[in-house]
Amino acid sequence: QADLVESGGGLVQAGGSLRLSCAGSRRNFDHYAMAWFRQAPGKDREFVAAISWRGGSTAYPDSVKGRFIISRDHAKNAMYLQMNNLKSEDTAVYYCAARGGTFSSNSYDYNLWGQGTQVTVSS
């Protein structure tokens, strides 16, 4: 079983919303920075959002800023991505990731990954 398990993906119309969840298993992620990345067919993995281990600091690229919100719940050992006003260009497989220490927008800095969940936005 993977250390991180994503859920909540699906098919949604442009302008709609989805909430992705990332559940930690086999270990407690309280002191891990966590992040969401996405990868569309034929494209590199792209940074979507990150949150510090305390949850007090977050970061987003301009492409999702103001539309996506990352959060975490230590009691549930889980992380979430609320995605609003979805666009066709948001279509991708979304991955959650974790690392010890501070958060990063670089996927190579993360050593723990989920299996991904597909998000498809129809226009």
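The values are calculated or read from the model by the stated rules, or taken from the named source; none is laboratory data. Keep in mind that what you see is a predicted model, and the values were worked out from it rather than measured. So basically every Cβ, Gly included, is an ideal-geometry build from the backbone, and we count neighbours across all protein chains shown. The accessibility values were calculated without ligands, DNA or RNA, using every heavy atom of the protein model including side chains. Shrake-Rupley method; radii C 1.70, N 1.55, O 1.52, S 1.80 Å.
Scanning region 51-78 for residues that are touching a strand residue (DSSP E or B) at 6+ places or on another chain (Cβ under 6 Å), at pLDDT below 95 and on the phi < 0 side of the Ramachandran plot yields a single hit, W53. Taken over region 46-62, the criterion of being over 12 Å from the mean Cα position of the chain (by Cα) and either hydrophobic (A, V, I, L, M, F, W, C) or closer than 17 Å to L112 by Cβ (or both) is satisfied by S52, W53. Do you know which residues across region 10-37 are part of a loop (DSSP other than H, G, I, E, B) and closer than 15 Å to N85 by Cα? Those that are part of a loop (DSSP other than H, G, I, E, B) and closer than 15 Å to N85 by Cα: A14, G15, G16, S17.
Yes or no: V48 open to solvent by less than 50 Å² (accessible area, probe 1.4 Å), part of a loop (DSSP other than H, G, I, E, B), touching a residue at least 24 places away in the same chain (Cβ under 8 Å) and touching a strand residue (DSSP E or B) at 6+ places or on another chain (Cβ under 9 Å)? It is false that V48 is open to solvent by less than 50 Å² (accessible area, probe 1.4 Å), part of a loop (DSSP other than H, G, I, E, B), touching a residue at least 24 places away in the same chain (Cβ under 8 Å) and touching a strand residue (DSSP E or B) at 6+ places or on another chain (Cβ under 9 Å). Between A23, A75, A98, the distinction of being open to solvent by less than 30 Å² (accessible area, probe 1.4 Å) and closer than 19 Å to S7 by Cα belongs to A98 only. Residues in region 79-103 that are in a loop (DSSP other than H, G, I, E, B) and either modelled with pLDDT of 95 or more or among the charged types (D, E, K, R) (or both): N84, N85, L86, K87, T91.
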